[in-house]
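The numbers here are math on the coordinates, done by the rules we state, and not lab data. What you see is a predicted model; the values in this text were computed from it and never measured. For neighbour counting, all protein chains shown are included, and Cβ atoms are generated from backbone atoms with ideal geometry for every residue, glycine included.
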Amino acid sequence: MRVCNFSAGPGCLPLPVLEKIRNEMVEHEDHGMSVMEMSHRTQMFYDIFYPAQDLLKKIMNIPDNYKILFLTGGATTQNSMIPMNLMKNKKADYVNTGVWSEKSIKEAKRFGDIKVVASSEDRMYNYIPTLDASTFRPDADYFHITTNNTIYGTRYTQLPNTGNVPLVADMSSNIMSETGPLMDVQNFGLIYAGAQKNIGPSGVTVVIVREDLIGNALPFTPDMMDYSVHVKANYIYNTPPTFAIYVVKLCLEWLQEQGGIAGIEKVNNYKAGILYDFLDNSKLFIPSAEKESRSLMNITCTLSTKDLEAKFIKEAGENGFVNLKGYKTVGGLRISMYNAQPAENVEKLVEFMKKFELQNK
Ligand SMILES: *Cc1c(COP(=O)(O)O)cnc(C)c1O
């Protein structure tokens, strides 16, 4: 029996996608082989790869002057790839909103002069700091943010105004989750996201990069780390993660059936709405993130004691609600509800939390 899986990543996938994969595991369409067995240099694979790119372009309304890459190495590899490709003047500004930002900053420091313009470290990253544009460096090569902070349950609700400095965003945990300027590609120089949270399975990383930022890699940049090498090879420079890309394509088709980003945004608002509403009215569960910075994808909270948290996690598990434990350095609970998380699962969880509260007053 499938459980209600609130994993922060890899996250649950749409059931119809899993069923389709199962049905064509051995033979894809009439090709006589599984997608996993296809050469990446054949038309049958191109018929998966390029339509997947086109679909992403359509769903996110990506302008023509952006390139869409399907790379390997996770979002983590982008932490070094971005500076190698963008840091012409060896200067970049970063905002520190948690572990993922810290990792990005640490890696970027190998390549140049990094200024951390703001941080929310003082309060365990439970908010997005106010950004003062006068502290941004106008000659920076780019300005980096993490739009959704998976571990703490915070998200930007307003983009910084960086003027002519390209905005670079790690959108791993909230890409394609809402409409509006926060996710409008033309507001960014580069967007990257590991697929395993909101796009598909692990193994592929999506990079959306504005054309003018490609082709200026630092001289020592290895070929695999140079965006222009991938673009010049029609996006298939070496063997891409073929099966993962195929599943991404199926997930994008599923998303389109849900009404695209506008459609899924309604579901996301509903899911987060009922859970926050419960937390705000609960005397037992205490929401962790500041109201103004709340994530729609990862919702964090605590209970009054560690024992009670352990009891909740145990009983939830016995009732089919899994992966509710908070990140190791943060503790508490974390409920992840990416695009593929059915609203029904969240409704059931809220009911279970209500019942738990009544029994543990
Ligand atoms: C999960 C996550 C990462 C790490 O991604 P990998 O694909 O494992 O390298 C980076 N940034 C954010 C915001 C994440 O949520």
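If each residue's Cβ is checked for other Cβ atoms within 10 Å, how do M337, M225, M44 rank with the fewest at the top?
Fewest-to-most ranking of M337, M225, M44: M44, M225, M337.
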Checklist entry - Across the stretch 336-352, in residue order, what do the Karplus-derived ³J(HN,Hα) couplings come to in whole Hz, using 6.51 cos²θ - 1.76 cosθ + 1.60 with θ = phi - 60° and x for Gly and Pro? => result 9, 9, 6, 3, 7, 6, x, 4, 4, 4, 5, 4, 5, 5, 4, 4, 5
Item to check | Under 5 Å, built H, 5+ apart or other chain: amide partners of N298 | outcome: M337
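With a ≥ b ≥ c the root eigenvalues of the C-alpha gyration tensor of the stretch 7-142, is it rounded (a/c under 1.5), prolate (a/b larger than b/c) or oblate? Could the numbers behind the result be given before it?
Values: a/c = 2.74, a/b = 2.00, b/c = 1.37.
Prolate shape, in that a/c is at least 1.5 and a/b is the bigger ratio.
Run lengths n ≥ 4 of DSSP H only: what is the helix-derived mean residue ellipticity at 222 nm for the chain, with -39500 (n - 2.57) per run over all residues, to the nearest 500?
Values: 10 runs with 127 residues, N = 361.
Using -39500 (n - 2.57) per qualifying helix, the result is -11000 deg cm²/dmol.
Below 8 Å, C-alpha to C-alpha, sequence gap of six or more: please give me the relative contact order for the stretch 95-244 in percent.
Computed over the stretch 95-244, the figure is 15 percent.
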Checklist entry - Which cross-chain or sequence-distant (5 or more) residues have an amide H under 5 Å from the amide H of K325, H modelled 1.01 Å from N in plane? => result R334
Next on the checklist: Can you compute 3J(HN,Hα) from phi for each residue in the stretch 148-156, using the Karplus curve 6.51 cos²θ - 1.76 cosθ + 1.60 with θ = phi - 60°, rounded to whole Hz and x for Gly and Pro?
Outcome noted: 9, 9, 3, 7, 9, x, 10, 8, 5
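For the residues Y66, Y152, what sequence is obtained by ranking on other C-beta atoms within 10 Å, fewest first?
Numbers: Y66 21, Y152 30.
If I rank by nearby Cβ atoms, fewest first, I get Y66, Y152.
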Item to check | Residue (of A108, I175, L55) at the positive-pole extreme of the chain, dipole from beta-carbon charges | outcome: A108
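By DSSP, what percent of the beta bridges with both residues in the stretch 95-254 are antiparallel, rounded to the nearest 5?
Numbers: 7 of 16 bridges.
Counting DSSP beta bridges with both partners in the stretch 95-254, the antiparallel share is about 45 percent.
Rounding to the nearest 20 debye, state how big the charge dipole of the chain is about its Cα centre with +1 on each Lys and Arg Cβ and -1 on each Asp and Glu Cβ.
That gives the chain a dipole magnitude of about 900 debye.
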Item to check | Whole-Hz couplings from phi, Karplus 6.51/-1.76/1.60, listed for the stretch 236-242; x for Gly and Pro | outcome: 10, 6, 10, 5, x, x, 4
Checklist outcome for this item: Across all Cα atoms of the chain, Rg and the largest Cα-Cα distance (Dmax), in Å, are 20.8, 64
Next on the checklist: For a quick check, take a GNM of the chain with Cα springs below 10 Å and name the residue from A193, A118, A310 with the largest mean-square fluctuation.
Outcome noted: A310
Checklist outcome for this item: Counting only DSSP beta bridges fully inside the chain, the antiparallel percentage to nearest 5 is 55
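For the chain, what's the relative contact order in percent, using C-alpha pairs closer than 8 Å and at least 6 residues apart? Could the numbers behind the result be given before it?
Details: 659 pairs, mean separation 84.1, N = 361.
RCO, the chain: 23 percent.
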Checklist entry - Gaussian network model of the chain, Cα springs within a sub-10 Å range: biggest mean-square fluctuation belongs to which of T162, T239, T300? => result T239
Checklist entry - Which far-off residues, 5 or more places away or on another chain, put their amide H under 5 Å from the one on V116, with H placed in the peptide plane? => result Y94
